[in-house]
1. May I ask you to order 32-42, 70-80 by the average number of other C-beta atoms within 10 Å around their residues, highest value first?
2. Percent antiparallel among DSSP beta bridges with both residues in the chain, to the nearest 5?
3. Mind listing which GluC sites (Glu not before Pro) in the range 347-400 are in a DSSP loop and have 15 or fewer other Cβ atoms within 10 Å?
4. Consider the candidate values [x] 25.7, 87; [y] 23.2, 84; [z] 23.1, 73; state which one is Rg and Dmax of the Cα atoms in Å computed from the structure displayed.
5. Ordering Ser140, Ser432 by how much accessible area each has at a 1.4 Å probe, largest first, what is the list?
6. Given a 1.4 angstrom probe, what's the average accessible area per residue across the chain, in square angstrom?
7. Could you work out the helix-only [θ] at 222 nm for the chain, with each DSSP H run of four or more residues adding -39,500 (n - 2.57) and the total divided by the number of residues, to the nearest 500 deg cm²/dmol?
8. What do you get for the angle between helix 406-418 and the principal long axis of the chain? Use alpha-carbon atoms, 0 to 90 degrees, nearest ten.
Amino acid sequence: MNSILHKEIASRILVMDGAMGTMIQGYKLEEKDYRGSRFADYASDLKGNNDLLSLTQPGIIQEIHEKYLEAGADIIETNTFNANHISLADYKMEDLAYEMNKVSAQIAKNATTKFTDHNPRKPRFIAGAMGPTNKTASLSPDVNNPGYRAVSFDDLYFAYKEQASGLIDGGVDILLIETIFDTLNAKAAMMAVKDTMQEKGINLPVMVSGTITDASGRTLSGQTTEAFLNSVSHLDLLTVGLNCALGAKDLRPYLEELSDKAPYYVSVYPNAGLPNQFGEYDETPEIMADQLKDFLDHGFTNIIGGCCGTTPDHIREFVKLADQAVPRKKPGNKHNLKLSGLEPLIIFDGSNFINIGERTNVSGSIKFARLIREEKYEEALSVARQQVENGAQVIDINMDDAMLDAESVMVEFLNLIASEPDISRVPIMIDSSKWSVIEAGLKCIQGKAIVNSISLKEGKEEFIKHASKIRDYGAATVVICIL
């Protein structure tokens, strides 16, 4: 199916399905329906746990899939948006994550097989939906403690790894990391997906889709569209795209930018507008189709579909558009150094010197070292802020000092920087002679950072191991020519 998918997306516009949650709401399910017989006596309330319906109401989920396939969708998403260990904790159902994902994929497989067998000239595909979880690794939920995190990179990695394993075992054709509001969450998912596929000896296409949360054109964690793109470009993705959020009309400038700069295929599946005062979506299939036609006419995208508020009627209109449209051609990839904090930094032939602020290095600044040892982090942040205000395009952070626990201090300081957009707008250079400190730092950064540095002094095998890991974290590196 992998080769078939690549052939299809290169030759025509593909259409994804619409909202699963909107369709489930139409069934007016009650608590007892969510519970089914298996969970009749479960201690927690279960209404609203839509992913559970794959276990308790599989017929309904398959029926929804088939309605989208009847409308002409090429790709359907599994009913697994929140089927991860972290999100399922709300219902005390963490232990069901693997099963939910596997069974949901199998239900979708039953539906796509039925339609592909009926018309082999229109193959159908399953995207394993992997939502953002209900926690963010880049932001603190406590305004009084900006360095605190409710979830760690490792927590997210293991949750996504379990989810990816279930989806793959259930037979998905694509892994879709979607509705990304924090790119650090997404980077954990991307690493988990890569490692899971490697362990299982399988190579599936990966789609990544972010969400723009306000009119400033940034994600919830503060990144611009191009900064987001730079942060997730370390995997050979099938698509990068945008979904959910503002609705098609307000997504246009950000989709155009993504289309212009992404070396991958591009997807877009917006909400049916913004929710009204009743939490409902007002954009009709005709209204949305008119907006998506503009995207197609300008060659912005390769996959279209719908998110919150969309139905099979929306998808039916989208299919009519796709049948008449020419797919976007991928631009050539310019091999420049593309970094990011909250904002992008591109280094290319002809760039001026890049200014790297080194006053946040305990080895190079007596003042900064004293502030860190005395745990005067607010004053230490002012040193970083001053560097950016004075023109530093990257800030180098080094905590290697015999009197410091470099690993924990690096994490604390990076978490605090993330809460300061006037600092975190520029890329970070993690500077340490200790691999454990470098890796701890990489787990805190949603942008595309630089590691300073690695070399061959510990041997080729160790060099390749560290270089590969740096790439998996989505970072660049300085290589010192020491043998």
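The values are calculated or read from the model by the stated rules, or taken from the named source; none is laboratory data. As the structure is a prediction and not an experimental result, all values here were calculated from the model. When we count neighbours, we look across all protein chains shown, and the Cβ atoms used for this are built from the backbone with ideal geometry, even at glycine. The protein model used for the area step is the full one, side chains on, heavy atoms only, and it has no ligands, DNA or RNA in it. Shrake-Rupley method; radii C 1.70, N 1.55, O 1.52, S 1.80 Å.
1. 70-80, 32-42
2. Numbers: 5 of 46 bridges.
Percentage antiparallel, nearest 5: 10.
3. Values: sites: Glu358, Glu374, Glu375, Glu378, Glu379, Glu389; in loops: Glu358, Glu374, Glu375.
Sparse-neighbourhood loop GluC sites (Glu not before Pro): Glu374, Glu375.
4. Computing Rg and Dmax of the Cα atoms in Å and matching it to [x] 25.7, 87; [y] 23.2, 84; [z] 23.1, 73 gives [z].
5. Numbers: Ser140 35, Ser432 5 Å².
In descending accessible area the options line up as Ser140, Ser432.
6. 42
7. -12500 deg cm²/dmol
8. Taking the Cα atoms of the chain, the angle to 406-418 is about 60 degrees.
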